[in-house]
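Data first, discussion second: the structure below is written as structure tokens.
The values are calculated or read from the model by the stated rules, or taken from the named source; none is laboratory data. On a predicted model such as this, the values are computed, not experimentally measured, just so you know. Cβ placement follows ideal geometry from the backbone for every residue including glycine, while neighbour counts extend to all protein chains displayed. These area figures cover heavy atoms from the full protein model, side chains too; ligands, DNA and RNA do not enter into them. Shrake-Rupley method; radii C 1.70, N 1.55, O 1.52, S 1.80 Å.
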Amino acid sequence: MADKSPYQDSSVSMDRRVKDLLDRLTLEEKVAQLGSYGPEHLLTDGEVDHERAEELLEHGVGELTRMGGASDLPPEQVAEVTNEIQSMLERLGPGIPAIPHEECLSGYMGKGGTTYPQAIGLASTWSPELVREITTEIRAQLQAIGAVHALSPVLDLARDLRWGRVEETFGEDKYLAARMACGFVEGLQGDGPEDGVAATLKHFVGHGAGEGGKNRTSVDLAPRALAEHAFPFEVCVETANAEAVMNAYHDIDGVPCTSSEALLTKTLREEWGFDGVVVSDYESVAFLKDEHGVASSYEDAATMALEAGLDVELPASECYPTLVEAVENGDLAEETVDTAVQRVLRTKIRKGLLDDPYVDVDAVEKVVETDEQRVLARRAARESVTLLHDDGVLPLDDAADVAVVGPKADASEGLLGDYAYLAHNLETVEAGIDIVTPLAGIEARTGGEVTHVPGCTVSGPSTDEFEDAVTAVEDADVAVAFIGARSTVEFETAPDETQTAASTSGEGRDVTDLGLPGVQAEFVRAVAEADTPLAVVVVSGKPHSLADVADAVPALAHAWLPGEEGGNGIADVLYGDHNPSGRLPVSLPKNVGQLPVHYSRKPNTMNETHVYTDSDPLYPFGHGESYTTFEYRDLALVDDEIGPGDTVEASVTVENAGDVAGHEVLQVYGHDRNPPLVRPVQELVAFERVFLEPGESAAVHVSVGASQLAVRDRDLNLTVYPGTYELRVGSSASDIRASETFDVVGERKRIPRSSRRYFSETRVE
């Protein structure tokens, strides 16, 4: 056998393999490594179109775009065509395999992929450990079909609730988002690059703060506010070693993120030390010309993006092929191309693609929709359900005659988020999974016949079925109404008031009104007038303004978008098989005019009111009721003085004072009594999910670093200032049960990156 070239030898150092391979590439082959193609380019009727594919892949390719998610192929067939394309690439050009990528925000977003709760629902569990379990299973499914790169998670902060993509986020708070995102990344990436799937942090940065709450609109964040939105990204780079980052679409103060060297090179690479690959949000390079207007041509756009630090153009090679001409014309240094190509090659070597890019097609069925995955999906669904209030209607009596009403009761697609496969392909394909609706879950739980009347549609003006629904409710012992919004991805058309199933949540579905779509609020009022106990469950990715609903009904819960086992998970909570343990990751407003209502506003924003509405949310961040009662006592600090480089150690006892076992989510907030600059009234610095049997208590110990209380000084240096601080402990941002003060003494201290602490440590005894 002939000796291997250095790049083919896995015993050779990474740097030598990359250099050896780079030196062998022509300019055209280098540029090809910065591009991508998907099934719309490479497949015809579900099979590889060899003639077209060989033409497009003549010089190789960087990534394969969503061979499962952008096709109608079952997982085994995705594995087959991916293997076939990888084999073709071995024969073409430089013989370098591609990096197949997929979306997986709520599970592998392809036909047959297990679908878990949408991100906002996962955030409601306040359980990074659960998220890590879920993404470990997602990793297995992705690897089975040949994918080694995932375009998830979303780290944007949900501050403007009009934004349709709120459902894709982990909520409004930077600390909660960072904790949940790290769990997501750790599960996907596993024990190391060679074993896991590269996670992609998106959208860098500030995407949730667009003007008007609209997708892709300009963002105007001052440096300190921008740093707050960047915090989850920074933490995932620094502590979870995220392997990929995706730019955001918008501009910040006139500079598009796609072409921002300050963000993609100086902050991300030079300041944070990120050494992975930066990929473009779909079509964002072309948008430098077509939307932002800062580029005069696609060649200009490609050059701007590459020079800023954006390595790979997704979802297809539209602009980056012009880089060949840009180099030949002297408009772009070939060394700049080389830098990006080296990052792509390094990723391919780390993932083992140069050694073996193929997967075992026969093994796919062993990791797709297993019994264990469905059990996990059900657990996640029930733990995400958040009880907003209950006047004794819940849990339901097993023997009660129940009426199930509302447009979301039996809508299988209504349980899934915008980045589930069905939401992307609603009109043309089957999901390939069994989706359990709330009606089906209740029927399975009761084992009996359930009266079901939708009453109205998700949107649209008709009230014709109101009377039938009211009658069904009047004839029952108890009723449950399921309401909410429909979630899909939609960019082209805006719904009108006559559509009965309009999408009003998800990417491209931004709103000016946070009320329930259509006549649903009127419907709830109608059935609430019946002399029958009524519980309302909101099944929606949208944080609606629910003041009228809350006033009208004795029990209200939010199930978000709970995934394929959502119906069973909801039934588990309604019947008390699971004590509701979800907690709000966003503050729910009384009406849209209150925005912003996030808990960590600055004092003047928090305290000033409108003429007819105060500044308090309807339900605060961290809120969630239970079928039991938790009491707090004995909050104590080990020291009442610490230095700026030290930690404050605290402990508090939590007791289940009721007669039902359940989870409490203990939350710790920090407050600076006299900050050097205007600061949020309080910020989350720790949390712990605690399970307690009736009468059981536990001591929760918390260690908070002084650097977690640091602020960016007038020169934007991260600094701990001496002064008096509070630790506040409670069950929501508004339900503080105890607080203690401590002093940071000594001189103010600038915090170097090497000693910055991002997360508190907690333990339960």
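Is it the case that some residue within the stretch 497-506 is on the phi > 0 side of the Ramachandran plot and modelled with pLDDT under 95?
Residues of the stretch 497-506 on the phi > 0 side of the Ramachandran plot: 506.
Now drop any that are not modelled with pLDDT under 95, which leaves 506.
Within the stretch 497-506 (the criterion being on the phi > 0 side of the Ramachandran plot and modelled with pLDDT under 95), the answer is yes, since at least one residue qualifies.
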Within the stretch 169-227, tally of residues that are in contact with a Phe, Trp or Tyr (Cβ under 7 Å, 6 or more places away or on another chain), part of a helix (DSSP H, G or I) and basic (Lys, Arg): 2
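Of all residues in the stretch 504-529, which are open to solvent by less than 10 Å² (accessible area, probe 1.4 Å), assigned to a loop (DSSP other than H, G, I, E, B) and of a type in the set (A, V, I, L, M)?
So the first thing to find is which residues in the stretch 504-529 are open to solvent by less than 10 Å² (accessible area, probe 1.4 Å), and the list is 505-507, 514, 520, 523-524, 527.
Still in the running and assigned to a loop (DSSP other than H, G, I, E, B): 506-507, 514.
Across the stretch 504-529, the qualifying residue is only 514.
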Odd one out for residue 560 among (1) among the aromatic types (Phe, Trp, Tyr); (2) within 23 Å of residue 515 (Cβ to Cβ); (3) open to solvent by 10 Å² or more (accessible area, probe 1.4 Å): (3)
Residue match in the stretch 472-489 (condition: farther than 20 Å from residue 558 by Cβ, without any contact (Cβ under 8 Å) to a residue 12 or more places away in the chain and surrounded by fewer than 23 Cβ atoms within 10 Å (Cβ to Cβ)): no
The one condition in (1) among the charged types (D, E, K, R); (2) out of contact with any helix residue (DSSP H, G or I) (no Cβ under 8 Å at 6 or more places or on another chain); (3) surrounded by fewer than 19 Cβ atoms within 10 Å (Cβ to Cβ) that residue 625 fails to fulfil: (3)
Selected residue (criterion: farthest from residue 707 (Cα to Cα)) from residues of the stretch 651-683 that are open to solvent by less than 10 Å² (accessible area, probe 1.4 Å) and among the aliphatic types (A, V, I, L, M): 654
Filter result (farther than 18 Å from residue 91 by Cβ, open to solvent by less than 30 Å² (accessible area, probe 1.4 Å) and either of a type in the set (S, T, N, Q) or assigned to a helix (DSSP H, G or I) (or both)) within the stretch 21-62: 22, 27, 30, 31, 36, 39
Some residue of the stretch 313-326 being without any contact (Cβ under 8 Å) to a residue 24 or more places away in the chain and either of a type in the set (D, E, K, R) or under 21 Å from residue 26 (Cβ atoms) (or both): no
Search result, residues across the stretch 416-432 that are open to solvent by less than 30 Å² (accessible area, probe 1.4 Å) and in contact with a Ser or Thr (Cβ under 7 Å, 6 or more places away or on another chain): 416, 417, 418, 419, 420, 423
Yes/no for residue 724 being under 17 Å from residue 643 (Cα atoms), in contact with an Asp or Glu (Cβ under 6 Å, 6 or more places away or on another chain) and either open to solvent by 50 Å² or more (accessible area, probe 1.4 Å) or not in a strand (DSSP E or B) (or both): no
Which numbered condition residue 572 fails, given (1) open to solvent by 10 Å² or more (accessible area, probe 1.4 Å); (2) within 26 Å of the chain's Cα centre (by Cα): (1)
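State yes or no: is residue 673 within 22 Å of residue 601 (Cβ to Cβ) and of a type in the set (Lys, Arg)?
Numbers: within 22 Å of residue 601 (Cβ to Cβ): yes; of a type in the set (Lys, Arg): yes.
Yes.
Can you tell me which residues in the stretch 628-650 are open to solvent by less than 30 Å² (accessible area, probe 1.4 Å) and either under 20 Å from residue 724 (Cα atoms) or over 31 Å from the mean Cα position of the chain (by Cα) (or both)?
Step one: of the stretch 628-650, the residues open to solvent by less than 30 Å² (accessible area, probe 1.4 Å) are 628, 630, 635, 642-644, 648, 650.
If the condition is that a residue be open to solvent by less than 30 Å² (accessible area, probe 1.4 Å) and either under 20 Å from residue 724 (Cα atoms) or over 31 Å from the mean Cα position of the chain (by Cα) (or both), then 635, 642, 643, 644, 648, 650 are the ones that fit.
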Subset of the stretch 88-128 (residues that are within 12 Å of the chain's Cα centre (by Cα) and among the charged types (D, E, K, R)): 103
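Please report, ordered by residue number, the helices (runs of 4 or more DSSP H) entirely within the stretch 67-168 with at least 3 residues that are out of contact with any Asp or Glu (no Cβ under 7 Å at 6 or more places or on another chain) and surrounded by fewer than 24 Cβ atoms within 10 Å (Cβ to Cβ). Walk me through it before giving the result.
Details: elements: 75-91, 119-125, 128-144.
Because the criterion is at least 3 residues that are out of contact with any Asp or Glu (no Cβ under 7 Å at 6 or more places or on another chain) and surrounded by fewer than 24 Cβ atoms within 10 Å (Cβ to Cβ), the helices (runs of 4 or more DSSP H) in the stretch 67-168 that meet it are 75-91, 128-144.
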Boolean, residue 742 is aromatic (Phe, Trp, Tyr) and either surrounded by 15 or more Cβ atoms within 10 Å (Cβ to Cβ) or in a loop (DSSP other than H, G, I, E, B) (or both): yes
Residues of the stretch 745-764 satisfying the condition of being farther than 23 Å from residue 601 by Cα and open to solvent by less than 30 Å² (accessible area, probe 1.4 Å): 751
Selection from the stretch 578-594 of residues that are open to solvent by 40 Å² or more (accessible area, probe 1.4 Å) and in contact (Cβ under 8 Å) with a residue 40 or more places away in the chain: 590, 591, 592
Test: residue in the stretch 273-286 that is over 24 Å from the mean Cα position of the chain (by Cα), surrounded by 18 or more Cβ atoms within 10 Å (Cβ to Cβ) and at pLDDT 95 or above: yes
